[in-house]
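Worksheet for the structure shown next.
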Amino acid sequence: MIVFDLQCENGHTFEGWFQDSSAYEEQRQKKLIACPVCSSTRVVKLPSAFAIKNQPTAAEAPQQPPAAINLERFGRHLAEFVEKNFDNVGPDFAKEALKIHYGVSEPRNIRGVSTPQEEETLRQEGIQFFKLPLPSSSSSDSDA
Ligand SMILES: [Zn+2]
């Protein structure tokens, strides 16, 4: 099971449980995911928090301490997750985030690069974003 923090177009946040991320996509496209507050089916996944929870089996003792997180592995998974689930808009990140914020673009998860000035603008506009050190991909980002 995977848990996503979701947000509807009216800014309500809620939690959604899915088999995996493709199940989330499918349900979202079929408009099966509705905000519990306003019933809007225009929901987006909040990028900042996600977790994978195992369904507890009845036989297991519920009071086990959480296993130590392997940060390196977690980081790699997170990077892969972002790579797969976020649109890479490159240097247009701030522009695109603003468009989404004002409803010009379809709400979606995006990733890209931004300048400190752009980040300041985003902060002033109240747009949530987070920075993540990603392993540099060797593919095609060599332009300066
Ligand atoms: Zn709502």
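The values are calculated or read from the model by the stated rules, or taken from the named source; none is laboratory data. The structure presented is a predicted model; accordingly, all values stated were derived computationally and were not measured. Reconstructed Cβ throughout: ideal geometry from the backbone, glycine too, with neighbour counts over all protein chains shown.
Here is how the numbers come out for the structure above:
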read-out	value
Residue list for region 71-85, filter: touching a helix residue (DSSP H, G or I) at 6+ places or on another chain (Cβ under 9 Å) and surrounded by 15 or more Cβ atoms within 10 Å (Cβ to Cβ)	Phe81, Asn85
When residues of region 16-42 are limited to those that are among the small types (Gly, Ala, Ser), within 16 Å of the ligand (Cβ to nearest atom) and farther than 14 Å from Pro107 by Cβ, the one farthest from the chain's Cα centre (by Cα)	Ser39
Options Gly112, Gly103: the member that is modelled with pLDDT of 85 or more and within 16 Å of the ligand (Cβ to nearest atom)	Gly103
Residue list for region 86-118, filter: surrounded by 13 or more Cβ atoms within 10 Å (Cβ to Cβ) and part of a helix (DSSP H, G or I)	Phe93, Ala94, Lys95, Glu96, Ala97, Leu98, Lys99, Ile100, His101, Glu118
